[in-house]
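Readers should treat all values here as calculations from the given coordinates under stated rules, not as data from a laboratory. Since the model is a prediction, treat every value here as computed from it, not as a measurement. In this analysis, Cβ positions are derived from the backbone assuming ideal geometry, glycine residues included, and neighbour counts consider all displayed protein chains.
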Amino acid sequence: MTGRERILAVLAGQKANHLPSMPITMMFAADILGVPYGQYARNHKLLADAQIKTAEQFGFDYVSAISDPAREAADAGAKIQWFENQPPAILEDEALFADKSALGRVVEGWVEGPCAEAADLRGINRLMTDFSDDPAFVRDLFAFTVETAIRFAHAQIQAGADIIGIGDAAASLVGPRIYKEFVWPEEKRLVHAIHALGGRVRLHICGNTRRLLEGMGQLGCEMVDIDYPVPMSEARAGMGPLQTLAGNLNPVKDLRDGTPESIAQALEALQQQAGPQWIVAVGCEIVRDTPHRNVHALVNFAQTHTAAITGS
């Protein structure tokens, strides 16, 4: 099987010859290509080259087009502080939507989850108070971010993407009530739109999402990433047996600082907790100074372990 066939089989609950591997890389990929991260984040050609080279070198089952979230805010007009070889920073004091009336002047943005992109455009501290102080504005802002995300997803699918990732890191900072009232409906609208365009969805919410698991499992995503603060057993219980899960090694403690032997043991435990519908990945991004032998160990586990069938 090809990597594409393997991933799509597992997402469909069908038999694959072995587990797929789909770890997230960003700074790690820039280092593999030998370019500063600041160039990776701003140059789409370097981003693509870095991801292709990383996938080929380590035998990943997919090539990711994941970019730094600041790119999307920058394209919408937000002020960003760029650095030569580390992630850019959102200038919170000069957030694009610090003045709420600016929302009506923006023409186009880029895809992120509604809460994450809203936090970049409004400023995360302002957004968190807006939920209680101005809920109508939050709904307008989320609607804007989702509409631009749908347009960008459409372009990616037309270009041949099989899966569209939705990164909504800021959603892990809200409680269940706010998630259910504000975030979930817009995530659901985005997922539904991607499905209508013929794409599949990978949801990635960094951080501790233990209180949001049930709602995340009801979005209808083909694949949900689980970050390391969430026990995989809880994720499985909260989302049910049919949801494909990915993750969730601790990127530092388990992967970077581990050994090939300890990584294999940790993945064995995760597979037991996750059950059949599981894809080998790390809780979040592989950190840039991870030893290459450890990344190879991650992929080797996937290639030597069979993906079971949910419905058998």
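Remark: the chain carries a charge dipole of roughly 620 debye about the Cα centre, counting +1 on each Lys and Arg Cβ and -1 on each Asp and Glu Cβ.
Pairs of Cα atoms under 8 Å, at least six residues apart: use those to get the relative contact order of the chain, whole percent. About 21 percent, as a whole number.
Of the residues I7, P36, N208, the one whose Cα sits farthest towards the positive end of the charge dipole of the chain is I7 (charges of +1 on Lys and Arg Cβ, -1 on Asp and Glu Cβ, taken about the Cα centre).
Remark: the stretch 6-140 carries a charge dipole of roughly 500 debye about the Cα centre, counting +1 on each Lys and Arg Cβ and -1 on each Asp and Glu Cβ. Report, as a whole number in µm² per second, the diffusion coefficient that Stokes-Einstein gives for the stretch 12-137 at 4 °C and 1.567 mPa s using the Kirkwood radius over alpha carbon pairs. In µm²/s, the coefficient is 79.
Volume of the convex hull of the stretch 205-264 (Cα atoms only), normalised per residue: 84 Å³. Using a Cα-Cα cut-off of under 19 Å, which aspartates and glutamates could be cross-linked to K253, ignoring same-chain neighbours fewer than 8 residues away? Within the straight-line cut-off, K253 pairs with D225, D227, E261, E268, E285, D289. Rounded to the nearest 10 degrees, the angle from helix 260-274 to the longest Cα principal axis of the chain is 70 degrees. Placing dummy labels 7 Å off each Cα toward the beta-carbon, the span from Q272 to Q57 is 3.4 nm. Multiplying the residue separation of L197 and W82 by 0.36 nm and subtracting their alpha-carbon distance yields 38.0 nm.
P(r) for the stretch 66-290, from all Cα pairs and a bin width of 5 Å, is 1, 7, 15, 17, 18, 17, 13, 7, 3, 1, 0, 0 %, short bins first.
The value of relative contact order for the stretch 1-49, using C-alpha pairs under 8 Å at least six residues apart, is 21 percent. Adding -39500 (n - 2.57) for every DSSP H run of four residues or longer, then dividing by how many residues the chain holds, sets the calculated 222 nm ellipticity at -13500 deg cm²/dmol.
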